[in-house]
Amino acid sequence: MTPAIELLQVSRRFRGSTLPVIAVDHIDLRIEPGEVVALLGPNGAGKTTTLDMVLGLSAPTSGSIKVFGMAPRAAVAAGRVAAVLQTGGLLPDLTVAETVEFIAATYSNPEPVMRVLDLANLSAISSRRVSKCSGGEQQRLRFALALLPRPDLLILDEPTAGMDVNARRDFWAQMHAEAREGRTVVFATHYLEEADDFADRTVLMSGGRIVADGPTEEIRAKATGRWVSADLADPARAIDRFGGQLVAQRFVVRAADSDSVALALLTEFGATNLEVVSGSLEDAFVALTEGAAK
Amino acid sequence: MTLTILKLEIRRVVRDRVRLFFTAIMPAFFYVIFGAAQSYGSIKVAHGNVAMMIMVAMAAYGAVAATASLGAATAIERATGWGRQLGLTPLGDGQYVAIKSALAVVVAIIPITIVSIIGASTDVEATPKAWVLSISILIGGSVLFALYGLVLGQLVRGEAALGAVSGSLVVLSFLGNLFFPLSGGWLTFARFTPLYGYATLARYPVSDGWVVSSDGDPVHEALWMPLTNVAVWLVILAVAATLLVRRSRARQ
């Protein structure tokens, strides 16, 4: 079967003030039709740059990108792929319905405007000016625009940024419905919970590279380990057994199963001042990136 | 499909009441000062009088100011992310530039019509043929400046674009022989500027190509000169506009 997305050795460099900035560094990625994939990573990981190239909004510096076997721009023109962009602008002086009408007019056979307004729960505010809409309402409008071509692949770049808890929950409920219809959904996020709740597969990006790629539970286990630290009489032996390192005379190790490490340190190594802390997601990214570099 | 978009774009222009007011009124005001109130207006030229020549110049200024500022506004709106939104649709870059150009022509009709009505009801005299041809050239040729605004708006980023457009238009208007007659080296240089070609062409049906120069002797321009000027600028600006619109899909 033709993959929904296929990236081969894709790089993207930008001109920086002194050195070129490598936003995306030789990544390979294959996403099959029907998959729901989270692109997880901190700010600056290269998520948006990658998605922009998949959508044909910018071209890779090197490497090849195919969307349903086509060049990205051709897939967009054919209405196979649509997106809700993080920084997708709207015209403030149009109404909600006019905005949908405008974008609908660019497609040869779009979903009817009324139906799209209904699906995105915008019917009640269809005659409201975009400038008078809240952030959540504008995001729903962007979502409505993405539904117009009845895309096979839906790309969402941090779709819930700026939404409150309720709006976020409603949005993901809507996305579940879209995925059940067999759409391929690829979304960028920096919330591990969003990847966990919604994606079957998570691709972890950091520093322009893919540092982990697999079932979401697996990535979650890697990313949610805890830091265990303690004062030890003989840290070298502990390093031999658990890995980790000495930081300011203290033994520090990152462990997926922190309980058993803590138990062993206390019972077998005579540890004192033991601490177990959960690292932030950023720490996890750093840990995984270092792992990938080795 | 493009008609729906054009309809929505016209609706947006109509909603911006303040800009619409200045678009419509300013060239008429200029004409009243430079043309209608002056005694030399009644001097005869080939197919009309000097008042008609001044009227055409002011209508050209009005049309150019309206279309160029529209082009610059387009560039700004693309930079705010609307360009990315449109980049996710099948709408081609050339198609988009064509829609915006058509919109500009529609908008240019407003000042041209108002100046013409004031001219006709004061002391403008011209043959019916000169009227029809001049007005048609004014309307059609205004496309050039929609493209000019679009190109300059993408080169000068952000809100400074509008200033760059209106400032440069004042300079180009002087070089276009709109406000007072040029001569000598200035005139030679002016012949390569876009507003000179447009305005000279629009006045051609009235003057048969005779241009008043500031040292007194009238200068005759062959028809190919303004035609070539307009054609060359049209190609340059249309290509540049399309290429720059393509670039504005990326994040800025």
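The values are calculated or read from the model by the stated rules, or taken from the named source; none is laboratory data. None of the values given here were measured: they were computed from a predicted structure. Cβ: placed from backbone, ideal geometry, glycine included. Neighbour counts: every protein chain shown. Ligands, DNA and RNA are stripped out before the accessible areas are found, and what is left, the full protein with its side chains, is counted by its heavy atoms. Shrake-Rupley method; radii C 1.70, N 1.55, O 1.52, S 1.80 Å.
Some points to look at:
- A:G136 fulfils the conditions (1) open to solvent by less than 10 Å² (accessible area, probe 1.4 Å); (2) assigned to a helix (DSSP H, G or I); (3) over 19 Å from A:L51 (Cα atoms) except for a single criterion, (1).
- Those residues of the stretch B:185-228 which are at pLDDT 80 or above, open to solvent by 70 Å² or more (accessible area, probe 1.4 Å) and under 19 Å from B:Y61 (Cα atoms), in sequence order: B:F192, B:L227
- Taking the conditions (1) farther than 30 Å from A:L94 by Cα; (2) of a type in the set (A, V, I, L, M, F, W, C); (3) open to solvent by 90 Å² or more (accessible area, probe 1.4 Å) in turn, B:V18 satisfies each one other than (1).
- Members of the stretch A:134-180 that are more than 14 Å from chain B (Cβ to nearest Cβ), modelled with pLDDT of 85 or more, out of contact with any helix residue (DSSP H, G or I) (no Cβ under 7 Å at 6 or more places or on another chain) and closer than 20 Å to B:L88 by Cβ: A:R140, A:D152
- Tally, over the stretch A:200-211, of residues that are part of a loop (DSSP other than H, G, I, E, B) and open to solvent by 10 Å² or more (accessible area, probe 1.4 Å): 2
- Scanning the stretch B:1-36 for residues that are touching a residue at least 60 places away in the same chain (Cβ under 8 Å), among the β-branched types (V, I, T) and either in contact with a Phe, Trp or Tyr (Cβ under 8 Å, 6 or more places away or on another chain) or within 9 Å of chain A (Cβ to nearest Cβ) (or both) turns up B:T2, B:I5.
- Members of the stretch A:106-116 found to be in a loop (DSSP other than H, G, I, E, B) and surrounded by 21 or more Cβ atoms within 10 Å (Cβ to Cβ), listed by number: A:T106, A:P110
- The stretch A:2-19, subset outside any strand (DSSP E or B) and open to solvent by 80 Å² or more (accessible area, probe 1.4 Å), residue farthest from A:A75 (Cα to Cα): A:T18
- Looking across the stretch B:78-94, the residues that are of a type outside the set (A, V, I, L, M, F, W, C), facing chain A (nearest Cβ under 7 Å) and assigned to a helix (DSSP H, G or I) come down to B:T80, B:G81, B:R84, B:Q85, B:G87.
- Residues in the stretch A:1-32 that are of a type in the set (S, T, N, Q) and more than 21 Å from the chain's Cα centre (by Cα): A:T2, A:S17, A:T18.
- Among residues that are in contact with a helix residue (DSSP H, G or I) (Cβ under 8 Å, 6 or more places away or on another chain) and of a type in the set (A, V, I, L, M), A:A74 is not included.
- For the stretch A:25-46, the set of residues classified as farther than 30 Å from A:E181 by Cβ and surrounded by 14 or more Cβ atoms within 10 Å (Cβ to Cβ) consists of A:D25, A:H26, A:P42, A:G44, listed by residue number.
- Of all residues in the stretch B:217-232, those that are under 22 Å from B:L147 (Cβ atoms) and of a type in the set (A, V, I, L, M, F, W, C) have Cβ atoms under 9 Å from Cβ atoms of residues that are modelled with pLDDT under 90 and open to solvent by less than 50 Å² (accessible area, probe 1.4 Å), 6 or more apart or on another chain, in B:M225/B:G209.
- Residue match in the stretch A:50-63 (condition: assigned to a loop (DSSP other than H, G, I, E, B), hydroxyl-bearing (S, T, Y), under 21 Å from A:V84 (Cβ atoms) and over 14 Å from the mean Cα position of the chain (by Cα)): yes
- Checking each residue in the stretch B:42-58 for being open to solvent by 10 Å² or more (accessible area, probe 1.4 Å) and hydrophobic (A, V, I, L, M, F, W, C) picks out B:I43, B:V45, B:A46, B:V50, B:M53, B:I54.
- Flag if A:F143 is without any contact (Cβ under 8 Å) to a residue 12 or more places away in the chain and aromatic (F, W, Y): no
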